[in-house]
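A.B. asks: Dropping a structure here in structure tokens format, bear with me for questions.
Every number here is computed from the coordinates shown, using simple stated rules; none is lab data. Being a predicted model, the structure only gives us computed values, none of them experimental. Methodologically, a virtual Cβ is constructed for each residue, glycine included, from the backbone with ideal geometry; neighbour enumeration extends over all protein chains shown.
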Amino acid sequence: MAINWFKYSAPSTFYGLAGKLVPWFAWPSAILFVIGLYIGFFVAPTDAVQGEAYRIIFIHVPASIMSMFLYLIMAAYAALGLIFNTRLSSMMASALAPTGALFAFISLWTGALWGKPMWGAWWVWDARLTSELILLFLYFGFIALHASIDDPRRADRASALLAILGSVNVPIIYFSVKWWNTLHQGSTVKFTGTSMHVAMQQAMFITLVACWMYAIAMTLARVRSIILERERNTQWVAELPEVRS
Amino acid sequence: MNWGEFFAMKGYGFYVWGSYGVALLIFVIEIALVRHKRIITLQQLRLLRDAEKEE
């Protein structure tokens with residue numbers, strides 16, 4: 001069976017598809033959060049060094065990973081929109097930005113609440129923390145720049161440039177614990193394996209998948225409104241049952 | 001282990017629940033905002049259409 005993928009790059013078809021997909025990501029996300037946190041709080045043992053405080057890891061690490069990945073995906077969509085002039089790609093970039101910014105905020109917030117009992121400080125100007133803060137500001141910059149230009153296509157192009165240039169920051173965040181001598185600990189989970197207890201790994205992996213599904217559900221739900229707004233003068237929008245009623 | 005002990009997190013309760021509480025709050029707010037935006041967008045589309053009909 002051949003699927004015509006280009007069909008779904010048209011906002012009119014993607015609008016309906018996105019609407020159908022949202023619950024398929026939203027509900028599994030909620031269920032996985034419950035399972036992941038159950039394992040994280042009731043199955044995973046107390047950490048030998050950090051005691052119970054380490055349990056912040058099950059939201060801190062997934063949120064941090066999401067904030068970086070969502071930025072790269074946003075920049076990739078923005079670049080596609082810039083190069084191929086595809087409307088939907090730019091709309092997807094705009095839809096991803098708020099969710100990415102929120103994950104960056106959660107990463108910093110939970111990091112502060114973890115840093116206080118472990119390091120004795122809510123915040124330090126450490127390479128890892130500072131580059132993550134810059135990521136949050138890049139998200140804000142993208143959203144603000146897009147909002148400040150009236151012509152949506154020009155706004156797409158200007159903010160795409162910002163998104164692409166800002167993506168340099170993502171590898172800096174990732175490698176910051178290796179390149180600089182930071183207070184932030186190195187990666188516990190590496191490509192070569194991990195020293196973590198198996199229940200801790202499972203809990204973190206499950207909450208990470210839950211965060212992924214949450215982000216996809218939110219982005220798809222948000223892009224539907226963006227599509228309606230930007231295609232408001234088209235016939236297909238006027239004919240939608242939810243608009244006609 | 002009873003629930004009191006569980007929520008105390010051996011003295012780290014404030015940090016652990018402060019992390020999860022705010023994360024949950026942010027998710028709830030984002031879901032509400034996305035739903036609100038959909039309602040507003042649909043309302044605006046209907047207003048726009050009605051305004052055009054009157055012309």
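A.B. asks: What is the projected area of the convex hull of the Cα atoms of the stretch A:100-245, averaged over all directions, in nm²?
C.D. replies: Across all orientations, the stretch A:100-245 yields a mean hull projection of 12.6 nm².
A.B. asks: How far apart, in nanometres, would the label points at B:ARG35 and A:SER148 be if each is projected 7 angstrom from Cα along the Cα-to-Cβ direction?
C.D. replies: Label at B:ARG35, label at A:SER148, 3.4 nm between them.
A.B. asks: Distance in nm between label sites at A:PHE42 and B:ASN2, each 7 Å beyond Cα in the beta-carbon direction?
C.D. replies: In this crude label model, A:PHE42 to B:ASN2 measures out at 1.9 nm.
A.B. asks: For Cα pairs less than 8 Å apart in space and 6+ apart in sequence, what is the mean separation divided by the residue count of the stretch A:47-205, i.e. the relative contact order in percent?
C.D. replies: Normalised by residue count, the contact order of the stretch A:47-205 is 26 percent.
A.B. asks: Moving on. Please give the charge dipole size of the stretch B:3-54, origin at the Cα centre, charges +1 on K and R Cβ atoms and -1 on D and E Cβ atoms. Round to the nearest 20 debye.
C.D. replies: Dipole size: approximately 120 debye.
A.B. asks: What is the stretch A:55-162 by shape, rounded, prolate or oblate, if you read a ≥ b ≥ c off the alpha carbon gyration tensor as root eigenvalues and call it rounded for a/c under 1.5, prolate for a/b larger than b/c, and oblate otherwise?
C.D. replies: It is prolate, given that a/c is not under 1.5 and a/b is the larger ratio.
A.B. asks: Right, another one. Over the Cα atoms of chain B, how large are the radius of gyration and the largest Cα-Cα distance (Dmax), in Å?
C.D. replies: 22.1, 71
A.B. asks: Please work out the C-alpha center-to-center distance from chain B to the stretch A:158-230 and express it in whole Å.
C.D. replies: 21
A.B. asks: In addition: For the stretch A:161-245, just say rounded, prolate or oblate: build the C-alpha gyration tensor, square-root its eigenvalues into a ≥ b ≥ c, call rounded for a/c under 1.5, and beyond that prolate if a/b exceeds b/c, oblate if not.
C.D. replies: oblate
A.B. asks: When the Kirkwood hydrodynamic radius is evaluated over all pairs of different C-alpha atoms of the protein assembly as shown, what value in angstrom, to one decimal, is obtained?
C.D. replies: Result for the protein assembly as shown stands at 20.9 Å.
A.B. asks: Hey, another quick one. Tell me which DSSP H helices of chain A clear both cut-offs, 27 Å or more of axial length from alpha-carbon atoms and a mean Kyte-Doolittle hydropathy of at least -1.0.
C.D. replies: Helices passing the filter in chain A: A:11-38, A:57-84, A:87-119, A:127-148, A:198-230.
A.B. asks: Then there is this: Which residues make up the longest stretch of chain A that has no chymotrypsin sites (Phe, Trp or Tyr not before Pro) in a DSSP loop with at most 10 other Cβ atoms within 10 Å?
C.D. replies: With a cap of 10 other Cβ atoms within 10 Å, the longest stretch comes to A:1-124.
A.B. asks: For a quick check: with amide H placed at 1.01 Å from N, whose amide H comes under 5 Å from A:ASP47's, ignoring anything fewer than 5 positions away on the same chain?
C.D. replies: For A:ASP47, the qualifying residues are A:TYR54.
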